[in-house]
Amino acid sequence: MNEESRRQQAYNQLHQQDELRFPREDYPAFCTWLNIPRAGQGLRLLDIACGQGFFLETAEETAPRMELHGVDFSSVALDFAKARAPRAELKLGSAYELPYPDKHFDYCVNLGSLEHFDTPESAVREMGRVLKPTGKAMVIVPNQYYAGSIWRALAYGQSEEQGQEGLTYFRTVEEWKSLFLEGGLDVLGVQGYNGEDHIAWYFERKNGQAPEAEQHWRILLDTFVKPLIPLNLSQCFVIFLKRQM
């Protein structure tokens, strides 16, 4: 069994145990950030490493006329995605060899997956290959120096994996931008993502129960701290991309 097959098997098991997603209430914002016109009529979108189809499910609702596609190397994830996003055309395949023709999609997304790829450069090049010259890509990736991770080290002396599963590569915003540029994609813009509905922030708990004081602190974090977190200390980066000319 090669490394790719071992990772595929591991992710099949992970998808049987957990949903492996962002907060569900944040997916409508992800669709909004793409600025899809005319309810998507005449347009085509690909979700690379679509997992269990949470983004595609939301896209079906927000862009009902758009042609939706998803690809993932986990058959277990795709079984869930078929039930969740029945209108989407789903394929079992690798992000390193996407089963689509060149310049085929108006939009490509990769949400919280690129950091788990052992050769992300190959996946970036493939994304650029299938993206139309006029198309837009959106990728969400984690920051190596998230403010919440620094807080955890300062307060508790602990490292923070940000809830990531398996092999994970954390990078700074400039390191991520360099990866895309070297892979043939130009950066249109970058914004921070610290949770749309609520911020992810670690507190130690006794007996696994959240004390009342923690709930008050979380309200303060969402109201006053989250809006002030600078881009370079955001939990994740939302990076918008296009093909290099």
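The values are calculated or read from the model by the stated rules, or taken from the named source; none is laboratory data. This structure is a prediction, so every number in the text was calculated from the model and none was measured. Glycine also receives a Cβ, built like all others from the backbone with ideal geometry; neighbour counts cover every protein chain displayed.
Give the residues of the stretch 200-240 that are at pLDDT below 90, among the aliphatic types (A, V, I, L, M) and out of contact with any Gly (no Cβ under 7 Å at 6 or more places or on another chain), sorted by residue number.
Hits for the stretch 200-240 are Ala210, Ala213.
Residue by residue through the stretch 191-238, note down the ones that are out of contact with any Lys or Arg (no Cβ under 7 Å at 6 or more places or on another chain) and either farther than 27 Å from Gly157 by Cβ or hydroxyl-bearing (Ser, Thr, Tyr) (or both).
Gln191, Tyr193, Glu196, Asp197, Thr223, Pro227, Ser234, Val238, listed by residue number.
Scanning the stretch 73-122 for residues that are polar (S, T, N, Q) and closer than 15 Å to Val139 by Cβ, which turns out surrounded by the fewest Cβ atoms within 10 Å (Cβ to Cβ)?
Filtering the stretch 73-122 for residues polar (S, T, N, Q) gives 74-75, 94, 110, 113, 119, 122.
Still in the list and also closer than 15 Å to Val139 by Cβ: 110, 113, 122.
Values: Asn110: 26, Ser113: 21, Ser122: 15.
Selected residue: Ser122.
Kindly check whether there is at least one residue in the stretch 176-199 that is within 25 Å of Phe224 (Cβ to Cβ), out of contact with any helix residue (DSSP H, G or I) (no Cβ under 7 Å at 6 or more places or on another chain), loosely packed, with under 14 Cβ neighbours inside 10 Å and of a type in the set (Ser, Thr, Tyr).
Looking for residues that are within 25 Å of Phe224 (Cβ to Cβ), out of contact with any helix residue (DSSP H, G or I) (no Cβ under 7 Å at 6 or more places or on another chain), loosely packed, with under 14 Cβ neighbours inside 10 Å and of a type in the set (Ser, Thr, Tyr), one finds none in the stretch 176-199, hence no.
Taking only the stretch 129-152 into account, find how many residues are over 17 Å from the mean Cα position of the chain (by Cα) and either over 18 Å from Glu182 (Cβ atoms) or buried (at least 20 other Cβ atoms within 10 Å of the Cβ) (or both).
Initial filter on the stretch 129-152 (over 17 Å from the mean Cα position of the chain (by Cα)): 129-135, 145, 147-152.
Checking the rest, the ones that are also either over 18 Å from Glu182 (Cβ atoms) or buried (at least 20 other Cβ atoms within 10 Å of the Cβ) (or both) come to 130-135, 145, 147-152.
Number of matching residues: 13.
Which one of these does Thr62 not meet: (1) among the hydroxyl-bearing types (Ser, Thr, Tyr); (2) over 27 Å from Gly183 (Cα atoms); (3) surrounded by 18 or more Cβ atoms within 10 Å (Cβ to Cβ)?
Evaluating Thr62 over (1) among the hydroxyl-bearing types (Ser, Thr, Tyr); (2) over 27 Å from Gly183 (Cα atoms); (3) surrounded by 18 or more Cβ atoms within 10 Å (Cβ to Cβ) leaves (3) as the failure.
Only residues in the stretch 76-98 that are closer than 18 Å to Arg44 by Cα and basic (Lys, Arg) count as the first member; pair them with residues that are in a helix (DSSP H, G or I) and at pLDDT 95 or above, Cβ under 6 angstrom, at least 6 apart or cross-chain, and list the lot.
Arg87/Glu60
Here are Ala83, Ala39: which of them is more than 19 Å from Glu196 (Cβ to Cβ), part of a helix (DSSP H, G or I), in contact with a Lys or Arg (Cβ under 8 Å, 6 or more places away or on another chain) and of a type outside the set (Asp, Glu)?
Values: Ala83 fails: in contact with a Lys or Arg (Cβ under 8 Å, 6 or more places away or on another chain).
Matching residue, one of Ala83, Ala39: Ala39.
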